[in-house]
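Single-structure report; data block below.
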Amino acid sequence: MDSPFDPSGTVIVSGIQPSGALHIGNYFGAIRQHIALQDKHPSFYFIVNYHAMTTVQDADMLREHTLSAAITYLALGFDPERSNLFAQSDIPLLNELTWVFCCLTPVSHLEKGVAYKDKVAQGLTPNCGLFNYPVLQAADILIYGGTLVPVGADQRQHIEMTRNIAQRFNNRYGPLFPIPEAYIVDHVATVPGIDGRKMSKSYGNAIGMFEEKKELKRRVRRIVTDSTPLEAPKDPDKDNVFALLRLFATPDKEAELRQAYLAGGYGYGHAKQELIRLMLDYFGPARERRRELLKDLDYVHDVLRQGAKNARTVADACMERVRELTGLVTMLR
Ligand code: ADP
(Lines give C-alpha, C1' and ligand atoms only; values in the text may rest on other atoms or scores of the structure.)
Protein backbone atom coordinates (compact mmCIF):
# COMPACT_ATOMS: atom_id res chain seq x y z
CA MET A 1 0.00 0.00 0.00
CA ASP A 2 1.19 3.54 -0.74
CA SER A 3 2.29 5.53 2.31
CA PRO A 4 -0.23 8.13 3.57
CA PHE A 5 2.76 10.50 3.62
CA ASP A 6 2.81 11.35 -0.06
CA PRO A 7 4.52 14.62 -0.89
CA SER A 8 4.40 14.06 -4.66
CA GLY A 9 1.43 16.38 -5.30
CA THR A 10 0.29 19.75 -3.99
CA VAL A 11 -0.51 19.66 -0.28
CA ILE A 12 -1.84 22.82 1.36
CA VAL A 13 -1.04 23.50 5.01
CA SER A 14 -1.53 26.48 7.26
CA GLY A 15 -2.09 27.35 10.90
CA ILE A 16 -3.78 29.99 12.96
CA GLN A 17 -2.99 30.93 16.57
CA PRO A 18 -5.70 30.67 19.20
CA SER A 19 -4.24 33.54 21.19
CA GLY A 20 -7.35 35.75 20.93
CA ALA A 21 -10.40 36.35 18.76
CA LEU A 22 -9.57 35.97 15.07
CA HIS A 23 -9.49 39.30 13.27
CA ILE A 24 -9.93 40.72 9.80
CA GLY A 25 -6.16 40.54 9.16
CA ASN A 26 -6.30 36.79 9.78
CA TYR A 27 -9.31 36.57 7.48
CA PHE A 28 -8.01 38.50 4.46
CA GLY A 29 -4.38 37.44 4.92
CA ALA A 30 -5.04 33.74 5.44
CA ILE A 31 -8.46 32.24 6.24
CA ARG A 32 -10.18 33.45 3.07
CA GLN A 33 -7.47 31.71 0.99
CA HIS A 34 -7.72 28.58 3.18
CA ILE A 35 -11.42 28.30 2.42
CA ALA A 36 -11.02 29.11 -1.27
CA LEU A 37 -8.34 26.42 -1.65
CA GLN A 38 -9.97 23.73 0.49
CA ASP A 39 -11.31 21.60 -2.35
CA LYS A 40 -8.48 22.15 -4.84
CA HIS A 41 -5.90 19.90 -3.17
CA PRO A 42 -5.48 17.85 0.02
CA SER A 43 -5.34 20.43 2.81
CA PHE A 44 -4.53 20.59 6.51
CA TYR A 45 -5.53 23.61 8.60
CA PHE A 46 -4.60 23.55 12.25
CA ILE A 47 -5.22 25.68 15.28
CA VAL A 48 -1.74 26.13 16.67
CA ASN A 49 -2.32 25.88 20.39
CA TYR A 50 1.29 24.77 21.09
CA HIS A 51 2.41 28.00 19.44
CA ALA A 52 -0.15 30.05 21.37
CA MET A 53 1.27 28.69 24.65
CA THR A 54 4.28 30.93 24.11
CA THR A 55 1.96 33.73 25.27
CA VAL A 56 -1.34 32.26 26.52
CA GLN A 57 -0.68 30.41 29.77
CA ASP A 58 -4.21 30.16 31.13
CA ALA A 59 -5.78 26.73 30.47
CA ASP A 60 -9.40 27.88 30.20
CA MET A 61 -8.48 30.69 27.89
CA LEU A 62 -6.41 28.45 25.61
CA ARG A 63 -9.25 25.90 25.38
CA GLU A 64 -11.80 28.61 24.72
CA HIS A 65 -9.78 30.33 21.99
CA THR A 66 -9.06 26.98 20.33
CA LEU A 67 -12.71 26.05 20.10
CA SER A 68 -13.66 29.55 19.10
CA ALA A 69 -11.15 29.44 16.20
CA ALA A 70 -12.73 26.19 14.97
CA ILE A 71 -16.21 27.75 15.14
CA THR A 72 -14.96 30.78 13.22
CA TYR A 73 -13.59 28.59 10.40
CA LEU A 74 -16.84 26.65 10.14
CA ALA A 75 -18.92 29.85 10.22
CA LEU A 76 -16.83 31.28 7.38
CA GLY A 77 -17.43 28.28 5.13
CA PHE A 78 -14.81 25.68 6.02
CA ASP A 79 -16.13 22.32 4.77
CA PRO A 80 -14.97 19.29 6.81
CA GLU A 81 -15.98 16.97 3.95
CA ARG A 82 -13.30 18.49 1.74
CA SER A 83 -10.51 19.45 4.10
CA ASN A 84 -9.04 18.84 7.56
CA LEU A 85 -9.31 21.14 10.55
CA PHE A 86 -7.81 20.13 13.89
CA ALA A 87 -5.98 21.25 17.00
CA GLN A 88 -2.19 21.11 16.71
CA SER A 89 -1.94 19.36 20.10
CA ASP A 90 -3.75 16.34 18.65
CA ILE A 91 -0.54 15.63 16.76
CA PRO A 92 2.02 15.39 19.60
CA LEU A 93 4.48 13.78 17.15
CA LEU A 94 5.15 17.32 16.02
CA ASN A 95 7.30 17.74 19.10
CA GLU A 96 9.49 14.85 18.05
CA LEU A 97 9.98 16.31 14.59
CA THR A 98 10.65 19.71 16.14
CA TRP A 99 13.49 18.16 18.13
CA VAL A 100 15.00 16.59 15.02
CA PHE A 101 14.79 19.97 13.27
CA CYS A 102 16.20 21.84 16.31
CA CYS A 103 19.32 19.73 15.97
CA LEU A 104 19.69 20.90 12.37
CA THR A 105 19.02 24.60 13.00
CA PRO A 106 21.79 27.04 13.94
CA VAL A 107 20.86 29.28 16.88
CA SER A 108 22.02 32.24 14.78
CA HIS A 109 19.17 31.64 12.29
CA LEU A 110 16.56 31.83 15.03
CA GLU A 111 18.18 34.94 16.50
CA LYS A 112 17.42 36.68 13.20
CA GLY A 113 13.70 35.84 13.45
CA VAL A 114 11.74 39.05 12.83
CA ALA A 115 8.77 38.02 15.00
CA TYR A 116 11.13 37.03 17.82
CA LYS A 117 13.18 40.22 17.58
CA ASP A 118 10.01 42.30 17.43
CA LYS A 119 8.61 40.79 20.63
CA VAL A 120 11.94 41.26 22.40
CA ALA A 121 12.05 44.88 21.21
CA GLN A 122 8.63 45.37 22.81
CA GLY A 123 10.16 44.41 26.13
CA LEU A 124 8.83 40.84 26.30
CA THR A 125 11.16 38.43 28.09
CA PRO A 126 11.36 35.65 25.52
CA ASN A 127 10.86 32.03 26.54
CA CYS A 128 12.45 29.10 24.67
CA GLY A 129 9.08 28.40 23.03
CA LEU A 130 9.03 31.83 21.41
CA PHE A 131 12.62 31.40 20.25
CA ASN A 132 11.91 27.97 18.72
CA TYR A 133 8.60 29.05 17.20
CA PRO A 134 9.83 28.82 13.57
CA VAL A 135 11.18 25.29 14.13
CA LEU A 136 7.82 24.03 15.39
CA GLN A 137 6.25 25.82 12.45
CA ALA A 138 8.57 23.97 10.06
CA ALA A 139 7.49 20.67 11.66
CA ASP A 140 3.85 21.73 11.27
CA ILE A 141 4.27 22.26 7.56
CA LEU A 142 6.60 19.42 6.69
CA ILE A 143 5.00 16.61 8.69
CA TYR A 144 2.08 16.61 6.21
CA GLY A 145 4.38 17.03 3.21
CA GLY A 146 3.07 20.59 2.75
CA THR A 147 4.02 22.25 -0.53
CA LEU A 148 1.90 25.40 -0.50
CA VAL A 149 1.38 27.60 2.56
CA PRO A 150 -1.29 30.33 2.32
CA VAL A 151 -0.24 33.03 4.83
CA GLY A 152 0.02 36.79 5.28
CA ALA A 153 3.23 38.63 4.39
CA ASP A 154 4.39 38.64 8.03
CA GLN A 155 5.05 34.91 7.67
CA ARG A 156 7.38 35.20 4.68
CA GLN A 157 10.54 34.85 6.75
CA HIS A 158 9.19 31.87 8.70
CA ILE A 159 8.39 30.02 5.48
CA GLU A 160 11.92 30.78 4.29
CA MET A 161 13.20 29.15 7.51
CA THR A 162 11.00 26.10 6.86
CA ARG A 163 12.47 25.79 3.36
CA ASN A 164 15.93 26.03 4.82
CA ILE A 165 15.23 23.36 7.44
CA ALA A 166 13.72 21.00 4.82
CA GLN A 167 16.82 21.45 2.66
CA ARG A 168 19.15 20.78 5.58
CA PHE A 169 17.27 17.61 6.48
CA ASN A 170 17.23 16.38 2.88
CA ASN A 171 20.95 17.11 2.43
CA ARG A 172 21.91 15.38 5.64
CA TYR A 173 19.61 12.35 5.60
CA GLY A 174 18.26 11.96 2.07
CA PRO A 175 15.36 13.43 0.13
CA LEU A 176 12.14 13.29 2.10
CA PHE A 177 10.54 16.70 2.33
CA PRO A 178 9.26 18.85 -0.53
CA ILE A 179 10.43 22.47 -0.34
CA PRO A 180 7.25 24.45 0.35
CA GLU A 181 6.26 27.79 -1.16
CA ALA A 182 4.44 30.63 0.59
CA TYR A 183 1.18 31.66 -1.07
CA ILE A 184 0.64 35.35 -0.35
CA VAL A 185 -2.14 37.42 -1.91
CA ASP A 186 -0.44 40.74 -2.66
CA HIS A 187 -3.16 43.30 -2.08
CA VAL A 188 -3.99 41.92 1.37
CA ALA A 189 -0.44 40.94 2.29
CA THR A 190 -0.53 43.00 5.51
CA VAL A 191 -3.77 44.36 6.91
CA PRO A 192 -3.18 47.38 9.21
CA GLY A 193 -4.60 47.51 12.72
CA ILE A 194 -6.32 50.52 14.29
CA ASP A 195 -2.93 52.04 15.18
CA GLY A 196 -1.56 51.58 11.64
CA ARG A 197 0.86 48.77 12.56
CA LYS A 198 0.23 45.22 11.30
CA MET A 199 -3.04 44.04 12.81
CA SER A 200 -2.24 41.35 15.37
CA LYS A 201 -3.86 39.68 18.34
CA SER A 202 -0.73 40.42 20.29
CA TYR A 203 -0.66 44.20 19.59
CA GLY A 204 -4.16 44.96 20.94
CA ASN A 205 -4.88 46.76 17.65
CA ALA A 206 -7.17 44.19 16.03
CA ILE A 207 -10.76 44.38 14.84
CA GLY A 208 -12.47 41.02 15.35
CA MET A 209 -14.64 39.55 12.61
CA PHE A 210 -17.58 39.05 14.92
CA GLU A 211 -17.25 42.07 17.17
CA GLU A 212 -20.54 43.20 18.76
CA LYS A 213 -21.89 46.26 16.94
CA LYS A 214 -21.13 48.64 19.79
CA GLU A 215 -17.56 47.39 20.18
CA LEU A 216 -17.06 47.40 16.41
CA LYS A 217 -18.04 51.07 16.27
CA ARG A 218 -15.76 51.86 19.18
CA ARG A 219 -12.77 50.14 17.52
CA VAL A 220 -13.38 51.68 14.10
CA ARG A 221 -13.69 55.17 15.59
CA ARG A 222 -10.25 54.70 17.12
CA ILE A 223 -8.52 53.98 13.78
CA VAL A 224 -5.65 56.43 13.48
CA THR A 225 -5.96 58.98 10.64
CA ASP A 226 -4.04 62.15 9.80
CA SER A 227 -5.39 65.62 10.51
CA THR A 228 -6.42 66.64 6.96
CA PRO A 229 -9.59 68.78 7.36
CA LEU A 230 -12.91 67.44 6.10
CA GLU A 231 -13.08 69.76 3.05
CA ALA A 232 -9.56 68.99 1.80
CA PRO A 233 -8.69 66.20 -0.70
CA LYS A 234 -7.15 63.11 0.90
CA ASP A 235 -4.75 60.48 -0.32
CA PRO A 236 -6.57 57.12 -0.03
CA ASP A 237 -3.31 55.20 -0.39
CA LYS A 238 -1.91 56.72 2.80
CA ASP A 239 -4.97 56.15 4.95
CA ASN A 240 -5.61 53.24 7.33
CA VAL A 241 -9.40 53.48 7.00
CA PHE A 242 -9.19 53.22 3.22
CA ALA A 243 -6.79 50.27 3.49
CA LEU A 244 -9.57 48.43 5.36
CA LEU A 245 -12.45 49.79 3.25
CA ARG A 246 -10.99 48.38 0.05
CA LEU A 247 -10.96 44.88 1.51
CA PHE A 248 -14.72 44.92 1.95
CA ALA A 249 -15.82 47.07 -1.00
CA THR A 250 -16.75 45.81 -4.47
CA PRO A 251 -14.44 47.23 -7.18
CA ASP A 252 -17.13 49.80 -8.12
CA LYS A 253 -17.56 50.87 -4.52
CA GLU A 254 -13.80 51.11 -4.07
CA ALA A 255 -13.53 53.37 -7.12
CA GLU A 256 -16.36 55.56 -5.82
CA LEU A 257 -14.72 55.90 -2.40
CA ARG A 258 -11.34 56.65 -3.94
CA GLN A 259 -12.98 59.43 -5.94
CA ALA A 260 -14.66 60.82 -2.82
CA TYR A 261 -11.31 60.90 -0.97
CA LEU A 262 -9.56 62.66 -3.85
CA ALA A 263 -12.36 65.20 -4.37
CA GLY A 264 -12.41 66.47 -0.75
CA GLY A 265 -15.53 67.15 1.32
CA TYR A 266 -15.47 63.52 2.44
CA GLY A 267 -14.18 63.16 6.00
CA TYR A 268 -12.58 60.26 7.83
CA GLY A 269 -15.74 60.10 9.96
CA HIS A 270 -17.75 59.36 6.80
CA ALA A 271 -15.24 56.72 5.77
CA LYS A 272 -15.45 55.08 9.19
CA GLN A 273 -19.27 54.95 9.02
CA GLU A 274 -18.99 53.29 5.62
CA LEU A 275 -16.47 50.79 6.96
CA ILE A 276 -18.79 49.77 9.81
CA ARG A 277 -21.67 49.27 7.35
CA LEU A 278 -19.58 47.23 4.93
CA MET A 279 -18.12 45.06 7.70
CA LEU A 280 -21.50 44.26 9.22
CA ASP A 281 -22.85 43.31 5.79
CA TYR A 282 -19.80 41.28 4.83
CA PHE A 283 -19.71 39.10 7.92
CA GLY A 284 -23.51 39.07 8.47
CA PRO A 285 -24.19 35.54 7.13
CA ALA A 286 -21.12 34.10 8.92
CA ARG A 287 -22.21 35.78 12.14
CA GLU A 288 -25.57 34.00 11.81
CA ARG A 289 -23.92 30.60 11.15
CA ARG A 290 -21.64 31.18 14.14
CA ARG A 291 -24.67 31.66 16.38
CA GLU A 292 -26.03 28.31 15.19
CA LEU A 293 -22.69 26.55 15.71
CA LEU A 294 -22.44 27.82 19.27
CA LYS A 295 -25.55 25.74 19.99
CA ASP A 296 -24.03 22.58 18.46
CA LEU A 297 -20.60 22.16 20.01
CA ASP A 298 -20.74 18.36 19.58
CA TYR A 299 -20.62 18.91 15.84
CA VAL A 300 -17.59 21.20 16.20
CA HIS A 301 -15.81 18.58 18.34
CA ASP A 302 -16.60 15.90 15.73
CA VAL A 303 -15.06 18.02 12.99
CA LEU A 304 -11.87 18.51 15.01
CA ARG A 305 -11.72 14.82 15.90
CA GLN A 306 -12.04 13.63 12.31
CA GLY A 307 -9.52 16.20 11.07
CA ALA A 308 -7.05 15.08 13.75
CA LYS A 309 -7.47 11.40 12.84
CA ASN A 310 -6.72 12.11 9.18
CA ALA A 311 -3.76 14.31 10.06
CA ARG A 312 -2.33 11.79 12.49
CA THR A 313 -2.31 9.03 9.87
CA VAL A 314 -0.11 11.19 7.65
CA ALA A 315 2.08 12.41 10.53
CA ASP A 316 2.67 8.83 11.74
CA ALA A 317 3.81 7.75 8.29
CA CYS A 318 6.10 10.75 8.00
CA MET A 319 7.72 10.12 11.39
CA GLU A 320 8.31 6.48 10.54
CA ARG A 321 10.37 7.64 7.55
CA VAL A 322 12.14 10.27 9.67
CA ARG A 323 13.14 7.68 12.28
CA GLU A 324 14.44 5.31 9.63
CA LEU A 325 16.44 8.01 7.89
CA THR A 326 17.90 9.53 11.05
CA GLY A 327 18.68 6.27 12.86
CA LEU A 328 16.29 6.85 15.77
CA VAL A 329 15.73 3.27 16.90
CA THR A 330 12.22 2.26 17.97
CA MET A 331 11.78 -1.16 19.61
CA LEU A 332 8.21 -0.56 20.71
CA ARG A 333 5.73 -0.35 17.91
P1 ADP B 1 -1.65 37.10 14.93
O2 ADP B 1 -0.46 37.96 14.59
O3 ADP B 1 -2.91 37.89 14.98
O4 ADP B 1 -1.46 36.24 16.17
P5 ADP B 1 -1.34 34.56 13.55
O6 ADP B 1 0.10 34.47 13.87
O7 ADP B 1 -2.31 33.62 14.20
O8 ADP B 1 -1.83 36.09 13.73
O9 ADP B 1 -1.51 34.42 11.98
C10 ADP B 1 -2.44 33.58 11.35
C11 ADP B 1 -2.43 33.90 9.88
O12 ADP B 1 -2.98 35.19 9.66
C13 ADP B 1 -1.03 33.91 9.28
O14 ADP B 1 -1.09 33.36 7.99
C15 ADP B 1 -0.69 35.38 9.21
O16 ADP B 1 0.23 35.66 8.17
C17 ADP B 1 -2.05 35.98 8.93
N18 ADP B 1 -2.10 37.35 9.42
C19 ADP B 1 -2.01 37.73 10.73
N20 ADP B 1 -2.11 39.06 10.84
C21 ADP B 1 -2.23 39.54 9.57
C22 ADP B 1 -2.36 40.85 9.02
N23 ADP B 1 -2.39 41.92 9.78
N24 ADP B 1 -2.45 40.96 7.67
C25 ADP B 1 -2.43 39.88 6.87
N26 ADP B 1 -2.32 38.61 7.33
C27 ADP B 1 -2.22 38.45 8.66
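The values are calculated or read from the model by the stated rules, or taken from the named source; none is laboratory data. Treat the numbers as computed from the prediction; the structure is a model and nothing was measured. With ideal geometry, Cβ positions are generated from the backbone for all residues, glycine too; neighbour counts draw on all protein chains shown.
Details
- Candidates I35, I31, I24 - the one that is crowded, with 21+ Cβ neighbours inside 10 Å, without any contact (Cβ under 8 Å) to a residue 60 or more places away in the chain, within 14 Å of the ligand (Cβ to nearest atom) and more than 19 Å from L136 (Cβ to Cβ): I31
- For segment 153-161, the condition holds for at least one residue, the condition being that it is of a type outside the set (S, T, N, Q), farther than 22 Å from S108 by Cβ and in the same structural domain as L22 (by TED's automatic domain parsing).
- Extreme residue, nearest to the ligand (Cβ to nearest atom), among residues of segment 201-215 that are part of a loop (DSSP other than H, G, I, E, B) and either touching a Leu at 6+ places or on another chain (Cβ under 6 Å) or closer than 17 Å to S68 by Cβ (or both): A206
- Boolean, L94 is within 23 Å of F177 (Cα to Cα), out of contact with any strand residue (DSSP E or B) (no Cβ under 7 Å at 6 or more places or on another chain) and not in a helix (DSSP H, G or I): no
- Residue match in segment 98-106 (condition: more than 18 Å from the chain's Cα centre (by Cα), of a type in the set (S, T, N, Q) and assigned to a helix (DSSP H, G or I)): yes
- Only residues that are over 13 Å from N132 (Cβ atoms) and in contact with a helix residue (DSSP H, G or I) (Cβ under 9 Å, 6 or more places away or on another chain) were counted in segment 104-118, giving 3.
- Output for segment 107-150, where each listed residue is buried (at least 23 other Cβ atoms within 10 Å of the Cβ) and assigned to a loop (DSSP other than H, G, I, E, B): I143, Y144, G145, G146
- Filter result for the condition that a residue is out of contact with any Asp or Glu (no Cβ under 7 Å at 6 or more places or on another chain), over 26 Å from G204 (Cα atoms) and crowded, with 18+ Cβ neighbours inside 10 Å, over K272, K234, K295: K234
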